[in-house]
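Undergrad: Please find one structure pasted underneath; my questions will follow.
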Amino acid sequence: MGPESSTQTNFVISLGDKAQVPIISYSATSPTLTSIRSEYFFRETLNDSSQVKAISAIIKAFGRREVVPIYVDNAFGEGVIPYLSDALQEVDARIPYRSVISPTATDDQIATKLYKLKGMQTQVFIVHMLPDLASRIFAKAKDIDMVDEGFQKKNSARNSSTTALEGFGISQNDPQLVQALLATSFKGLLGDFSLLNGELQSSTFQIVNVFGNGENLIGFWTPQNGLQRNFNSTKKSKYPTPNVVGLRSIIWPGDTTSSPEGWQIPTSEHKRLKIIVPVNTTFSEFLIVTHDPRTKKTTINGGYCIDVFEAVIKVLSYDVPYDLHPYATSNGEAAGSYDDLVDQVYLGVRHILSYFS
């Protein structure tokens, strides 16, 4: 029996091959182990890559287009990423950034990583690491207000398990034992148990909503039927919306039942939108501009164009911090036409960009 972790597996498998003894693991989950050709290695726990279809189904059901994985910097964390990337591409979602955290990271190092993520537009995160590190990540995320309304996290952290081995024996009937293991098949509490090429086949995943100190089972995912509210449902999911899929009510960060957008404009003062407005004093109904000759300051004070813009901003379901900057000279006159402004921004003219920074 063993090994207890994926990092120990190669060595233990080599021992099993030399001694021709079946090696059964209940905790080595790295997808990279699938490439190891050994008729004596049996993985009776799910390969980490078996989770990615369920994760991508949830991402598509909620209409998310960008996801940031946060994973531990070792073979366990890195092994699942290619499979996750492929699964997300199948549902038209992309990974704009990856956050890799050392298994020995200090709290300050974790906070630095999280602050960087907090300043990004994408607010949907997939956490893949063992519980000891994951618990520190979530605790620090709470400290810096990353579990407030607007953030989403999907945790694929594995439960770590340990087994004390009292002794090690070699069976005298190894070929028969290998065949018996391959032929083992039964129906368990969460689906069928069967091995194919020494690998446990993907069955059913529970989808659990974790909030505060509580948790709530909101549904299931199966390879045959996708997302389902009930385990014994036979209706096939087409990934429309969570309500149509029939998942139970979800409590999101911020103690709300309203699903966040999954992204937002960073609220940092250094990342506010700078909107440059061409000054045209001919039609004051469209744009109201005032100029103070003493301070030589030109100000946008409204008008039809500004009213429409602000009305659109107000109906958005997320906050967009912005500042209006008139494209004007020091005496309040237009600094150029709209085409001039677009050309200078496109060409990256430094005095235009630095003037508004």
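The values are calculated or read from the model by the stated rules, or taken from the named source; none is laboratory data. Note that this is a predicted model, so its numbers are computed, not measured. Cβ atoms come from the backbone with ideal geometry, glycine included; neighbour counts cover every protein chain shown.
Yes/no per residue for (1) without any contact (Cβ under 8 Å) to a residue 24 or more places away in the chain; (2) in a strand (DSSP E or B); (3) not polar (S, T, N, Q):
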position	(1), (2), (3)
TYR97	no, no, yes
ASP108	yes, no, yes
LYS116	yes, no, yes
MET120	no, no, yes
PHE125	no, yes, yes
LEU133	no, no, yes
ILE137	no, no, yes
LYS140	no, no, yes
MET146	no, no, yes
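Undergrad: Which residues, taken from the range 323-346, are modelled with pLDDT of 75 or more and hydrophobic (A, V, I, L, M, F, W, C)?
TA: If the condition is that a residue be modelled with pLDDT of 75 or more and hydrophobic (A, V, I, L, M, F, W, C), then LEU324, ALA328, ALA334, ALA335, LEU341, VAL342 are the ones that fit.
Undergrad: Out of the residues in the range 75-93 that are touching a helix residue (DSSP H, G or I) at 6+ places or on another chain (Cβ under 7 Å) and not in a helix (DSSP H, G or I), state the one that is surrounded by the fewest Cβ atoms within 10 Å (Cβ to Cβ).
TA: VAL91
Undergrad: Is it the case that LYS154 is assigned to a strand (DSSP E or B) and either surrounded by 17 or more Cβ atoms within 10 Å (Cβ to Cβ) or at pLDDT 85 or above (or both)?
TA: So LYS154 fits the description; yes.
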